[in-house]
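Asker: There's a structure below that I have some questions on.
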Amino acid sequence: VIGWLAGRTVAAHLDDYASLVFGLVELYEAGFEPRHLREALTLNDGMLRLFRDPDGGGLLFSGEGNERLLAPQRETYDGALPSSSALALWNLARLGLLGGDTKLLTRAQELLRSYGTEVREAPQGRLGTLIALDVLVGPARTVVVAGRPGGAGTRALLRALGGRVPPGPPGGRRRGGG
């Protein structure tokens, strides 16, 4: 439960968790604040626990503690926004690359396998998933800035890198203490 409405908590769904984790990773990469990365990892762990599909290895839209649906749903179609499954896959790949966490990368591969047939049969409806796949299997770029956090030299290096880090899978920029 991560929602709050009119003074009471409300049940969150997979898209709520996946979107929040995605935003926290974006915040981390924008400002290198370790607390954003820690919170993203904590929420991601909760998401994997709460929404795990015990039968198919994927993630269900409505998780543990939410109201029971007649038929469990897995959201894999990307419309105007990426599906919750695509965001979860993207998050797993990015967090795995950021921390060198092979368990997260393996879980990303498992998630992709759980709905890989749908991706192969209708890739045009799975563009968010294909982007996440590129992050997962594409070449990773790493930029290391070694220096005292907050030091003038470190800040100057980060400013110099500003818009010059080559595009590609996120996760190559990190500040110590994360």
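The values are calculated or read from the model by the stated rules, or taken from the named source; none is laboratory data. Every value quoted in this text rests on a predicted model; they were computed, and no experiment measured them. FYI the Cβ positions are ideal-geometry reconstructions off the backbone, even for glycines, and counts take in every protein chain you see. To get the accessible areas, we keep the full protein, side chains included, count just its heavy atoms, and leave off ligands, DNA and RNA. Shrake-Rupley method; radii C 1.70, N 1.55, O 1.52, S 1.80 Å.
Asker: Using packing as a proxy for protection, rank 98-106, 126-134, 57-65 so that the peptide with the highest average count of other Cβ atoms within 10 Å comes first. Before the final figure, lay out each step's value.
Answerer: On the way: 98-106: 15.0, 126-134: 19.7, 57-65: 17.9.
Packing proxy ranking, top to bottom: 126-134, 57-65, 98-106.
Asker: Got a number for carbon plus sulfur as a percent of the chain's accessible area, 1.4 Å probe? All intermediate terms of the calculation are to be shown ahead of the outcome.
Answerer: Values: 5610 of 10080 Å².
Answer for the chain: carbon and sulfur cover 56 percent of the accessible area.
Asker: Probe of 1.4 angstrom, ligands and nucleic acids ignored: what's the accessible area per residue over region 17-172, in square angstrom?
Answerer: Working: 8570 Å² over 156 residues.
Result: 55 Å² per residue.
Asker: Taking +1 at the Cβ of each Lys and Arg and -1 at the Cβ of each Asp and Glu, which of 20, 7, 57 sits farthest along the dipole of region 1-75 towards its positive end, judged by Cα position relative to the Cα centre?
Answerer: 7
Asker: Let me ask something else. How large, in Å, is the chain by the Kirkwood hydrodynamic radius built from its alpha-carbon pairs?
Answerer: On the way: mean 1/r = 0.0580 Å⁻¹.
Roughly 17.2 Å, rounded to one decimal.
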